[in-house]
Amino acid sequence: MTTETIDLKTKLITDFYARESVMNGEAASAFHQKKRAALARFDQLGFPTVRNEEWKYSSVKELVNESYNFNSESNVALSDLEDLKIPEQDANIIYFVNGRYSAELSRMVSSQAQITISSLSEAIKKDPQLVNTYFNELTKESGEAFTELNTAFAQDGIFIHVPDNQTVEHPVILRFVADARTQNVGNQPRNIVAVGRNSHLKMAEAFRTLGSGRSFTNAVTEIYVGEEAGVEYYKVQNESEQAYHIGTTQVRMLDRSQFYAGTVTLNGRFTRNNLNIILDGERCEAHMYGLYFPDGTQHVDNHTVADHRKPNSESNELYKGILRDKSKGVFNGKIFVRPDAQKTNAFQSCKNIVLSPEASMNTKPQLEIYADDVKCSHGTTTGQIDEEALFYMRSRGISRPEALSLLMFAFCADVVSQIRIDSIREYLENVIAEKLASK
């Protein structure tokens with residue numbers, strides 16, 4: 001373990017106890033006891049190194065060698081966000097700046113009868129028992145240092161509750177902005193989403209950066225999908241060249257529920273996405289789509305888990321990447337089929353195009369099957385652009401740069417087309433087209 005790692009770890013633990021000393025009665029709450037237990041686990045684990053199998057290809061040494069202000073105040077106004085070109089949407093728009101809820105920037109349009117949307121800090125004040133019912137229940141056995149760190153410092157984020165038998169007409173869009181205009185900033189938002197029986201919700205998380213300072217986002221989202229419920233979840237990362245992002249999304253599904261995820265990484269210095277889905281009911285359907293475009297010296301790591309625990313359920317997964325320059329990509333997809341999960345269908349595919357000899361892609365698909373009546377498959381491919389297709393297009397008078405851009409956009413299309421919120425899909429189509437044509 002490096003000296004820098006010990007210094008940041010020690011600083012965080014010291015900050016926790018310094019803040020705890022002014023919490024008075026809150027320090028004795030059940031909610032806070034979970035945070036203290038998480039801090040103890042983080043203290044024991046420490047930051048991961050490449051010796052940890054789950055972090056073999058993703059070193060966080062550079063990340064933890066920086067200092068960040070985790071309590072930075074910011075007065076971001078809508079006018080400050082104009083350069084970010086954030087699309088207008090007919091939706092519940094919830095802003096967080098440096099991890100803290102911004103009521104001034106946010107807008108809610110859905111009826112309270114359909115959905116409860118509250119900042120986590122307000123939800124804890126209003127109904128701590130309800131929040132404690134969900135908080136950390138899906139992540140308490142994660143064994144991941146960054147998840148434990150987020151749990152220990154969970155202060156703000158979103159709390160969403162959809163009662164039974166409700167279809168929320170307007171999506172919920174969570175926009176996380178790191179304001180690094182004057183200093184390096186760190187934020188650790190914690191999001192809890194509970195969707196009741198036979199209810200349906202569309203939601204998205206979007207991450208952006210202001211300024212040229214370094215930012216570190218350590219986000220955790222817990223999603224509970226009730227019986228016969230449906231959740232569509234999208235995550236869009238278009239952060240700065242100085243942004244470090246580690247995000248964990250933990251999902252639990254019950255009988256006959258559906259969960260649909262799309263994760264798109266457009267920009268960022270270091271990105272690690274963990275998407276872990278527990279199919280804990282019969283006849284569940286989980287669909288996972290991912291897309292990533294690292295260039296320069298960017299690093300993108302996607303880790304996914306589909307954990308089948310009950311029979312007659314299905315998971316489908318497709319991740320695609322385009323790598324340029326000296327960038328690095330990682331994909332580790334795991335499928336578990338437990339002994340009771342007979343008649344499981346589980347499919348996984350990861351396809352990548354590497355456009356530079358100095359770019360690299362590490363893939364590790366994994367299947368662990370403990371049942372005998374299943375249909376499971378996984379596969380991964382990494383290669384270069386199809387020269388025959390390129391030659392054909394150039395023979396029709398299309399320039400090489402334009403032909404490359406068109407071929408790569410077509411490569412992305414079967415993932416982008418799965419984005420079911422129109423405004424997000426159109427935004428992604430435009431940004432991807434610009435990014436592919438830029439080099």
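Among the listed pairs Lys11/Lys34; Lys34/Lys202; Lys140/Lys343; Lys34/Lys125; Lys56/Lys343; Lys140/Lys334, which have their C-alpha atoms separated by more than 24 angstrom in this model?
Details: Lys11/Lys34 20 Å; Lys34/Lys202 29 Å; Lys140/Lys343 29 Å; Lys34/Lys125 16 Å; Lys56/Lys343 33 Å; Lys140/Lys334 20 Å.
In this structure, Lys34/Lys202; Lys140/Lys343; Lys56/Lys343 exceed 24 Å between Cα atoms.
What net charge is computed for the residues neighbouring Gln418, neighbours being all others with C-beta under 12 Å from the C-beta of Gln418, Lys and Arg scored +1, Asp and Glu -1?
Residues near Gln418 contribute 0 overall.
Given the options Gly383, Leu266, Ser315, identify the residue whose Cα lies farthest towards the positive end of the charge dipole of the chain (+1 on Cβ of Lys, Arg; -1 on Cβ of Asp, Glu). Of the options given, the answer is Gly383.
So how do 68-80, 195-207, 217-229 stack up, highest first, on mean other-Cβ count within 10 Å?
Values: 68-80: 14.5, 195-207: 22.1, 217-229: 23.8.
The packing order, highest mean first, is 217-229, 195-207, 68-80.
Distances between placed amide hydrogens fall under 5 Å for Asp301 paired with Thr271, Arg272, Asn273, Val330, all partners being 5 or more residues away or on another chain.
Relative to one another, the C-alpha centroids of segment 325-380 and segment 133-177 are positioned 26 Å apart.
When the chain is described by a simple charge dipole with +1 on each Lys and Arg Cβ and -1 on each Asp and Glu Cβ, the residue from Thr248, Ser58, Phe135 located farthest towards its positive end is Ser58.
Determine the share of segment 246-401's accessible area contributed by carbon and sulfur atoms, expressed in whole percent, with a 1.4 angstrom probe. Ligands and nucleic acids excluded, carbon and sulfur reach 46 percent.
For the pair Arg36 and Ser377, the difference between a 0.36 nm per residue extended length and the Cα-Cα distance amounts to 118.6 nm. Each Lys and Arg contributes +1 and each Asp and Glu -1, all at the Cβ; summed about the Cα centre of the chain, the dipole is approximately 540 debye. Taking segment 192-224 and a reference point 7 angstrom along Cα→Cβ of Ser423, no backbone N atom is nearer than 11 Å.
Seen from Thr116, the other residues with C-beta closer than 12 Å to its C-beta sum to a net charge of -1, counting Lys and Arg as +1 and Asp and Glu as -1. The phi-based Karplus calculation (6.51 cos²θ - 1.76 cosθ + 1.60; θ = phi - 60°) puts the 3J(HN,Hα) values of segment 229-241 at 8, x, 10, 10, 10, 10, 10, 10, 10, 9, 9, 7, 5 Hz, whole numbers, x for Gly and Pro. In this structure, the amide hydrogen of Met288, modeled 1.01 Å from its nitrogen in the peptide plane, lies closer than 5 angstrom to those of Ala261, Asn316, Glu317, Leu318, counting only residues at least 5 positions away or on a different chain.
Positive end of the dipole of segment 24-167 (Cβ unit charges, origin at the Cα centre): among Ala103, Thr167, Tyr68, the Cα lying farthest that way belongs to Tyr68.
Counting charges near Ala103 (Lys, Arg +1; Asp, Glu -1) among other residues having Cβ under 13 Å from its Cβ returns a value of -1.
Taking the Cα centre of segment 302-439 as origin and assigning +1 to Lys and Arg Cβ atoms and -1 to Asp and Glu Cβ atoms, the resulting dipole is close to 220 debye.
Would any residue of segment 38-53 have its amide N under 12 Å from a label point 7 Å out along Cα→Cβ of Glu20? List them or say none. Answer for this model: 38-43. Surface composition of segment 39-122: carbon plus sulfur atoms contribute 43% of the solvent-accessible area (1.4 Å probe, protein chains only, all chains present).
Coordinate range of the alpha-carbon atoms in segment 308-423 per principal axis, descending: 57, 33, 28 Å. Across segment 66-75, rounded Karplus estimates of 3J(HN,Hα) from the backbone phi angles (6.51 cos²θ - 1.76 cosθ + 1.60, θ = phi - 60°) give 9, 10, 9, 8, 8, 10, 6, 7, 8, 10 Hz, Gly and Pro being marked x. In this structure, the amide hydrogen of Met361, modeled 1.01 Å from its nitrogen in the peptide plane, lies closer than 5 angstrom to those of Gly329, counting only residues at least 5 positions away or on a different chain.
The values are calculated or read from the model by the stated rules, or taken from the named source; none is laboratory data. Computed from a prediction, not measured in an experiment: that's the story for all the values here. Cβ coordinates were reconstructed from backbone atoms using ideal geometry, including for glycine residues, and neighbour counts include every protein chain displayed. Please note that ligands, DNA and RNA were not included when accessible areas were found on the heavy atoms of the full protein model with its side chains. Shrake-Rupley method; radii C 1.70, N 1.55, O 1.52, S 1.80 Å.
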